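Below: the structure, in structure tokens.
The values are calculated or read from the model by the stated rules, or taken from the named source; none is laboratory data. Predicted, not measured: the structure shown is a model, and the values here were computed from it. Here the Cβ positions follow ideal geometry from the backbone for every residue, glycine too, while neighbour counts run over all protein chains shown.
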Amino acid sequence: MPFQWPIRVYIEDTDLGGIVYYVNYLKFMERARTELLRHFGYSQQQLTREDVLFVVTHVDGRYLQPAQLDDELLVSVVVERASGARVNFLQKITRASDSVLLCQAKVAVACVSASRLKPRRWPAEMLEQLMSSSVQQLTPEEK
């Protein structure tokens, strides 16, 4: 089962037409990844003190349906692949009321040293926790 984080669409998330401005979907996904780490007991402040920082290196997203003002959304996160300093997440945003898929993205996140901004391996225990929580079969169109 993927990790899910609920989000409501507020006025500041929308454009003049009342639909979610496209870049805000990436913000919603970032929040869900942050909450996934918090779920396992990791805070951004703690990680920075431990010289761990995460940077998004690639996003491949598809916008399928618009979200609108006051919609309740569910943002899911699963680990698709992990190796060394990089983890690839598959994220989906669905409308909670009818489970319609609105947006999905593959997000590559690299781990770097906070002090040197050079690649480093993901913390082993964290990676193990992420991998154990993200066992999912991908459909052919998601691969």
Would you check if there is a residue in the range 7-26 being within 21 Å of M131 (Cβ to Cβ) and either modelled with pLDDT under 95 or under 17 Å from the mean Cα position of the chain (by Cα) (or both)? no
Quick check on N24: is it assigned to a strand (DSSP E or B) and surrounded by 13 or more Cβ atoms within 10 Å (Cβ to Cβ)? no
Out of V78, V59, report the one residue that is of a type in the set (A, V, I, L, M, F, W, C) and under 21 Å from D15 (Cβ atoms). V59
Can you say whether S83 is in contact with an Asp or Glu (Cβ under 9 Å, 6 or more places away or on another chain) and not aliphatic (A, V, I, L, M), as far as the supplied structure shows? no
Give me the pairs, please: first residue somewhere in the range 107-133 and of a type in the set (A, V, I, L, M) and at pLDDT below 95, second residue anywhere and surrounded by fewer than 17 Cβ atoms within 10 Å (Cβ to Cβ) and not in a loop (DSSP other than H, G, I, E, B), beta-carbon distance under 7 Å, and either six or more positions apart or on two chains. A114/T48
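The rows are residues; the columns are (1) under 15 Å from the mean Cα position of the chain (by Cα); (2) polar (S, T, N, Q); (3) modelled with pLDDT of 95 or more.
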position	(1), (2), (3)
Q46	no, yes, no
V55	yes, no, yes
H58	yes, no, yes
R62	yes, no, yes
P66	no, no, yes
G84	no, no, no
